[in-house]
Amino acid sequence: MNVRSKKLLIISVTCLIIVGLSYSIALGQELKDNYTNNVFLIELIPEECKVLDMSEGVSASVEFIRDEFGNIVDKTFIHLLAENIYAGASVTYAIALRNISSLALSVDHYTISIDGGSNSLEDLIRFSGSVKIYRSESEYDVLGSFSNIRIDELAQNLTNIMKYRKIDITEKIVIELEQFFENSSVRFKQDEGFSYKLVPVFIQYFP
Amino acid sequence: MMTKRYFKKRKIRGKRKIGGLLRVGTISIILIAAFSLLGLTYASWSQSFSIFGSTSTGEINVVVRNVLFESSDSYNALSFDVDMMGNIVDQVNMDVETNTSPFNMILVFIVENTGTIPIVCDGIDTNVPGSLQVQLVDTPASIDVGQIASIRVGISKGYCEGFEFSTFLRFVQATG
């Protein structure tokens, strides 16, 4: 075999290796995306997510992402809506989740991000609530509760309550969350609003 | 005989060495692969969840539907009329001829709560605080959404000519 043929062979082999590698990377990425996009460990129970209580005059609801036919398309997103709130007003929501995977799960952590046009509302909002875990429809344990905490303490409180607790297959979690506003109309201005995003991260349970 | 045994021993020792090396290598590879898989599955089998909360406050909005002249000190002549812009009061014109100074009168502001929360009037201001006295005489404890209410305001002014002023009723959320 002469030098020219050897060079040609080396280049061809290198090209083939690169093509093979890129194919493998693309396939692997696709496989991972499929797993992470289409497989859910836990999802909302829409019919059990509701407003339990609200002050007079307040307009509150829970909303989901729906398609044009009204079907819920994403059971991992819930919008807790509260409008027309005022000093002293409160809203209580129930958020129900079920472990639909074939794995025992636990909460790794909660994160919260606050998007507030005004700091005054953020300072005035307080949370109380409890976390229950249902082993069956009537049998449940109260994992923990919290009372009168600020919004920046909410994620840590929920993490402390739920971390390391095993959520077995088909078990249901119900988070009752009351948000209320301090009764100090002096600091309340009109046309204010703010939003927050609370994100629990569920992982496979490791004893 | 001795030579035979020696070769046998050597053979066995050699086999053991290669076998041992293979076992260690295999176990290492399996362990590395297993830990990689463990990490991968840990990363893959996690799911975040979004609870999005949004909150907005109620709106305070009040319009003055009418202004009525209720009572005053004695006067020689008095004219009182209200300029409207649509069905909202734009301006009140009053011409008084009197010997009384300061001259006191009570006006009634008819207001409507067009906002979204119950309100209460907690004061009145004027643009000329030094030369004019204004005070709330009577106001309801709460004006509900859509409700029309009367707010009685006392105004006191000394001698003047061509005097123009504005008053501002202050409203806040009704609590309790």
Practice task
Identify all residues within segment A:168-207 that are more than 22 Å from B:G53 (Cα to Cα), open to solvent by less than 80 Å² (accessible area, probe 1.4 Å) and either more than 12 Å from chain B (Cβ to nearest Cβ) or modelled with pLDDT of 90 or more (or both); write none if there are none.
Solution key: A:D168, A:E171
Completion exercise
Residue pairs qualifying under the 7 Å Cβ cut-off, at least six apart or on distinct chains, with the first in segment B:124-135 being closer than 7 Å to B:F165 by Cβ and the second being surrounded by 14 or more Cβ atoms within 10 Å (Cβ to Cβ) and charged (D, E, K, R), are B:L132/B:K157
Exercise for the section: Could you check, for segment B:45-56, whether at least one of its residues is in contact (Cβ under 8 Å) with a residue 60 or more places away in the chain and within 14 Å of another protein chain (Cβ to nearest Cβ)? Expected result: no
Exercise for the section: Might you check whether a residue that is surrounded by 13 or more Cβ atoms within 10 Å (Cβ to Cβ), within 14 Å of chain A (Cβ to nearest Cβ) and outside any strand (DSSP E or B) occurs anywhere in segment B:159-169? Expected result: no
Handout entry: Checking B:N87 against (1) more than 14 Å from chain A (Cβ to nearest Cβ); (2) surrounded by 11 or more Cβ atoms within 10 Å (Cβ to Cβ), the condition it does not meet
Key = (2)
Handout entry: Condition check for B:V108: part of a loop (DSSP other than H, G, I, E, B) and either within 14 Å of chain A (Cβ to nearest Cβ) or open to solvent by less than 30 Å² (accessible area, probe 1.4 Å) (or both)
Key = no
Exercise for the section: Scan segment B:57-80 for residues that are more than 8 Å from chain A (Cβ to nearest Cβ), under 30 Å from A:L124 (Cα atoms) and either in contact with a strand residue (DSSP E or B) (Cβ under 7 Å, 6 or more places away or on another chain) or of a type in the set (A, V, I, L, M) (or both) and jot them down. Expected result: B:V62, B:V63
Exercise for the section: Tell me the strands (runs of 3 or more DSSP E) entirely within segment A:63-135 that contain at least 3 residues that are open to solvent by 20 Å² or more (accessible area, probe 1.4 Å) and closer than 17 Å to A:S195 by Cα. Expected result: A:72-85, A:105-116
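The values are calculated or read from the model by the stated rules, or taken from the named source; none is laboratory data. Quick caveat: nothing in here was measured; it's all calculated off a predicted structure. Note that we place each Cβ from the backbone using ideal geometry, even for glycine, and neighbour counts take in every protein chain shown. The accessibility values were calculated without ligands, DNA or RNA, using every heavy atom of the protein model including side chains. Shrake-Rupley method; radii C 1.70, N 1.55, O 1.52, S 1.80 Å.
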